[in-house]
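Here the structure comes first, spelled out in C-alpha cells, and everything after it is commentary.
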Amino acid sequence: QKMQGDKPVPTVRRDSAGNRMSVQLSSEDLVPGDVVFLEAGDRIPADVRVLYCTDGMEVDNSALTGESMPEPRHSHTEKPSQPPTEARNLAFFGTTVLKGNATCVVHATGDNTFLGKIAQSIKTSYVKSTLEIQIEHFVHFIAGIAVIVGILSLAVKVAQKAALADIIQYTACALFSQVPEGLLPTVTISLMFASAEMVKRKVLVRKIDAVETLGCVSVFCSDKTGTLTKGEMTTQDLVVVKTTPQAIGREGLEVVVREHGHWPKSAASVCDTISVCGILNNGAELKKDSDGADFWSGSPTEVAILRASSEVQGGPEAAQLLRSRPENAKIFEIPFNSENKWMLTIHGQPSSGKVTAILKGAPDRVLKFCAIDPASQAKVEGEMQKLMNDARRVLAIAKREITSPPAKFEGTGPEDCNFSLKDFDFIGLYGIEDPPKEGVAEAVIKANNAGVKVVMVTGDHPDTARAIAKRINILPKAPHVHGDHADFNVIAGTQLECRVPKADNFTDDEPEENVIWWKKAVTHARVFARVSPIHKQVIVQAYQKYGYHGIGDICAMTGDGVNDAPALKQAEVGVAMGIRGTEVAKDAADIVLQDDDFSSIINGIEQGRLCSSNLRKSIMYTLCSKVPQFAPTLAMVFGVPEALTIAQVLLIDIGTDIWTAIAYAFQPAESRLMARAPRHPKLVKLADWGVGVYSYCYIGMLQCFFCWLMFFLTPGIWDLFMQGEDPKHYSKEQELTNTKGKTMYYWTLMMGQIAAAISTTTERQSLMSYCFPNMALNAAFLFEVVLGLAAIYIAFMQNAFDTAAVPVQYIAMAVSSLVVISVIEELRKALFRYLEANSMCHWCLDNDDERDVSSDSEGDYSSSSYGSSSEDESDAVDHKKPLLC
C-alpha cells in the first residue's frame, strides 16, 4: 500500500473510549472500519464502501480494469447479485478519484484488497517453458542414440579383441561424438541475438526462453484499451449544420471525420461554431507538469472535445486566447450531473445586454431544449444512430442568445432557473471513441497470415468491442458469417458465468455441455466482451485445454491492468505494456512492450520463429556427420582399414562443427517464414524423428557414400582391404597408404559437412533466391576449409591428427561431394515446392506444421484452420510428417 505515497489520508476513527478522532494517517496504517475522506486527484488508499459522494463523482479504474472510460460512483445500495467490480458504491485500492468528493468506510486493506488478492494469485510455482521441454526431449533422444552407438562400438572392439585401453578410448569417442557440442552455445546465442533484435523493436524480454515460445504462439489474446486502441478518448466525428438549424430537415447534416489523426482543411470553416462552443462549454483545462510540458486535465470526454475543438481552431494557444476574450468570459455554469445528463455555461458581459448560453450533453436531453421540427430531429437522430453503430459515444451541443439577461443568473435546472431554457439552436454532435492504434489493423492481418488467431478480450461493451474488432480486422467487416460463427464470434461475460471450471483449471471431469460449448468458443470466438479478471484467466485456460483440435493452443496474452495479471501468468507468453502497464502486470509478464504497440509483438513473433527455426537447423546440421563418424568403427568388423581416427573426429566436432552450429544463430529469416502456421511443440519437436531421418538417413547417408567412395578411390586402399592384413602388421608403405585414405575420408567428410550446412540453410526456399546472407556462416565455411587444408599439409598438424599430404586433384575430387549433395538437396526442395504449389502433396497442405495460411485484407478468418466448424474436428488432420517433407 506504499503506492499511495507520503500524502496522509484524512481519517475518522474511534478511540478505546468510543470518542471520535480526526487524524491524518498513512495509507498503510488504515484498518477496516476507518472512515476516510477523498477528493478529486486522490489515489484511493484501500478498498472502500462509499457512504456519501457528490453528484457526478467519477473514478479512474483503468489500473484495475484496463478501461479508459471514467466510472461513476454513488452511495446507493447495489443488488446482492452485482459483481463487486461492477458495483458503483465500491472503490478499489490503486484507483483514482477523477471528479467529486466522497466519504467512505474502509472494508479491506493490504493483501485482502481486490488488487492484493490478484497479486497473491499470480505467485504460482515455476512452470517449464516450451523450450526447456523441447531441449529436454532432444537430450533424451540424443542420449538414447549415443548409448546405442557406444554399445555397438564396445561390441565391435570386443569382437576385435582390442586392448582394454583401445576399447575404452573408442567406445568413449563413439559415445561423445554423438553429442552436439554446439547446442548449448547455439541456444544461448540464438536467444540472446533474438532478444537484442526485439529490443530494437521496443520489445523487452524479461524471460529469455519466452522468445522461442513466442514463435510457437497460435492464439493471441489481447486486451483492447491501450493495446489495440490508444487508451484515450478522442473525438473522431463532428456532425454540423450545413446552413441554419431550421434547414436541417431539407439539407441534412454534414459529417466531418478525422482521418489519420488530422482534421481536413475544410474543418476550420465548417466546424467553427461547434469548435468554439466545445472550447467554451468545457470543464477540461490545459496545464503544465513539473517539467513544463503541456497536458490536458479533466474528464476524458471533456478532454477529447476540448482537444478536437482546439485543433480545429488552430491549437491550444488559440483555444486559450478564445477563452480569454471578454465576450467569452464564463459568468454562470450548471455542472453535469447524473440526473440532468447535461451541462450549461453562459458567456459574455451582461452589461452589453446580450449573453450566450451553451448546452452540451446526452443528445436526447439536449434536443428537448431545442427549437427543432420533427423532420430535422429525425435527421439528427439518424446521424446519431450511425455514430452509435460505430461504437461512438455521442454528445450533442446547442446554444442560444439571451437578451436582457438578469443581473445574476441562478438555478440548477429548468424548474428553478431565472432564465429560459427553451428554443436553443442545435449546433451539432460529437462522436467520441477510444480509436485503434495506427498499424494494429495491418498487424492483425500479418498475424492471420502467419496462422496466429488474434482474439480481443475486453471489459468494454460488446457493441463497442465488435465495432473496433471489425475496424482492425479481428472480425470480418461484411456480416456474412452464420451458424456457430455468428453465435460465438462475440461472447459476453454473462455467458461465461456458468462455464467456468469447477476447480482452478479445466479438468477431464467438466460437464459435457460445457466441454462442447468451450470447443465451439475456442474455435469461432474472436471477441470476449464485458469480462471480469477471472474470466480472462479462464479464457486462456480454455484455449490451452480445448484449442488446436483438442491438443491445446499455445497462448499469448497482452494486458496492462492489474486485472490482467492472472491471465498473463497463465499464458505461455505474458506480454505487458511498458507505458500504461502496472508493476503487477509487468512482474507477471514474460515480455514488456516498451512502446505499448501491438504491432511490435507481432514482429516479435517473427523473431521467435526465426530463433526456433535456426535452432532446428543447427541441430539438423550437427547430427548429419554422426553416421559417417561412426561408420568406420563398424566397418572395421568387416576388415576395412581404419578410415577415421579419434583425433580427426574431435577435429571435426570441436574444431569446426561447433563454430558452424553457433553461426546458425545469426541466420536471417526465409521469405515465407511468416506465411506458415506456427510450430506446435506437442506435434513438432525441435528434434523429432523427421530431423533424425533427414540427418541420419538422408544427408548423413549421402556423406557416408561419398566418404567411402573417396576413401576407396585413394590409391592402394582397395588392395589393402583385399589383403585383409592386421593393421598391427602394416609396413610403413601400407601405413602411409592407410593414412592417405583416412585423410581423404576426413576431407570428404568436411566437404560433406559444408554441404550439410548449405542444405540446412533453408527449409523450403531455394538457395538461388536466398543466397548466402549469413556472414558468420560464410566465415565458418572458410575457416573449415583453411583448417582442413592445414591439417593435411602442415607437418605438426599431420602428426597430431594422423593425416598425410595428398595430391591436389584428389582434394578437388572430394569437393565434388559438396556440389552433388547441394544439388540433390536443391532438387528435393524444388520438388516439394512444386507439390505444394500444385496441391499434390497432402502432407504439405494447410494443416501440417509447415502449412501456408492466409486471410484476406478484410480480416475474414473463415479460410483459417481455426475457422473450421466443430463438426470437422473429428476429421482433424494427421500432423505427422512424411520422410524429408
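The values are calculated or read from the model by the stated rules, or taken from the named source; none is laboratory data. Please read all numbers here as calculations on a predicted model, not as lab measurements. Don't worry about glycine lacking a Cβ; one is built from the backbone with ideal geometry, like all the others, and counts go over all protein chains shown. When the accessible area is computed, the model is the full protein with side chains, heavy atoms only, and any ligands, DNA or RNA have been set aside. Shrake-Rupley method; radii C 1.70, N 1.55, O 1.52, S 1.80 Å.
Structural remarks
- Pick from the range 211-247, criterion modelled with pLDDT under 90, of a type in the set (Val, Ile, Thr) and within 30 Å of residue 400 (Cβ to Cβ), ranking: least open to solvent (accessible area, probe 1.4 Å): 244
Listed here are the residues, each with its yes/no results for (1) assigned to a helix (DSSP H, G or I); (2) more than 47 Å from the chain's Cα centre (by Cα).
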{"residue": "686", "(1), (2)": "no, no"}
{"residue": "693", "(1), (2)": "yes, no"}
{"residue": "700", "(1), (2)": "yes, no"}
{"residue": "711", "(1), (2)": "yes, yes"}
{"residue": "718", "(1), (2)": "yes, yes"}
{"residue": "737", "(1), (2)": "yes, yes"}
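- Residue 264 under 30 Å from residue 418 (Cα atoms), open to solvent by 40 Å² or more (accessible area, probe 1.4 Å) and not hydroxyl-bearing (Ser, Thr, Tyr): no
- You will find that of 758, 754, the residue that is over 17 Å from residue 654 (Cα atoms), buried (at least 17 other Cβ atoms within 10 Å of the Cβ) and either touching a residue at least 40 places away in the same chain (Cβ under 8 Å) or not hydrophobic (A, V, I, L, M, F, W, C) (or both) is 758 and no other.
- Residue match in the range 511-522 (condition: closer than 29 Å to residue 434 by Cβ and modelled with pLDDT of 90 or more): yes
- Of all residues in the range 5-35, those that are crowded, with 17+ Cβ neighbours inside 10 Å, within 16 Å of residue 110 (Cα to Cα) and of a type outside the set (S, T, N, Q) total 3.
- Selection status of residue 135, of a type outside the set (Ser, Thr, Tyr), surrounded by 14 or more Cβ atoms within 10 Å (Cβ to Cβ) and either at pLDDT 80 or above or at positive phi (or both): yes
- Residue 537 being of a type outside the set (Ser, Thr, Tyr) and open to solvent by 10 Å² or more (accessible area, probe 1.4 Å): yes
- Looking at 560, 587, 595, just one residue is in contact (Cβ under 8 Å) with a residue 60 or more places away in the chain, surrounded by 21 or more Cβ atoms within 10 Å (Cβ to Cβ) and among the acidic types (Asp, Glu), and that residue is 560.
- The criterion of being in contact with a helix residue (DSSP H, G or I) (Cβ under 6 Å, 6 or more places away or on another chain) and modelled with pLDDT of 95 or more holds for residue 754.
- Hey, residue 198 in a helix (DSSP H, G or I) and open to solvent by less than 40 Å² (accessible area, probe 1.4 Å) or not: yes
- Strands (runs of 3 or more DSSP E) completely within the range 327-427 that count 3 or more residues being open to solvent by 20 Å² or more (accessible area, probe 1.4 Å) and touching a helix residue (DSSP H, G or I) at 6+ places or on another chain (Cβ under 9 Å): 393-403
- Residues that are in a loop (DSSP other than H, G, I, E, B) and out of contact with any strand residue (DSSP E or B) (no Cβ under 6 Å at 6 or more places or on another chain) were ranked within the range 428-459; the one that is surrounded by the most Cβ atoms within 10 Å (Cβ to Cβ) is 459.
- Search result, residues across the range 676-687 that are open to solvent by less than 20 Å² (accessible area, probe 1.4 Å) and out of contact with any Phe, Trp or Tyr (no Cβ under 7 Å at 6 or more places or on another chain): 677, 678, 681, 684
- Test: residue in the range 268-287 that is farther than 27 Å from residue 69 by Cβ, among the charged types (D, E, K, R) and either at pLDDT 90 or above or touching a strand residue (DSSP E or B) at 6+ places or on another chain (Cβ under 9 Å) (or both): yes
- For residue 516: the one exception among (1) open to solvent by 60 Å² or more (accessible area, probe 1.4 Å); (2) in a loop (DSSP other than H, G, I, E, B); (3) among the hydrophobic types (A, V, I, L, M, F, W, C): (2)
- Yes/no for residue 299 being modelled with pLDDT under 90, among the hydroxyl-bearing types (Ser, Thr, Tyr) and surrounded by fewer than 18 Cβ atoms within 10 Å (Cβ to Cβ): no
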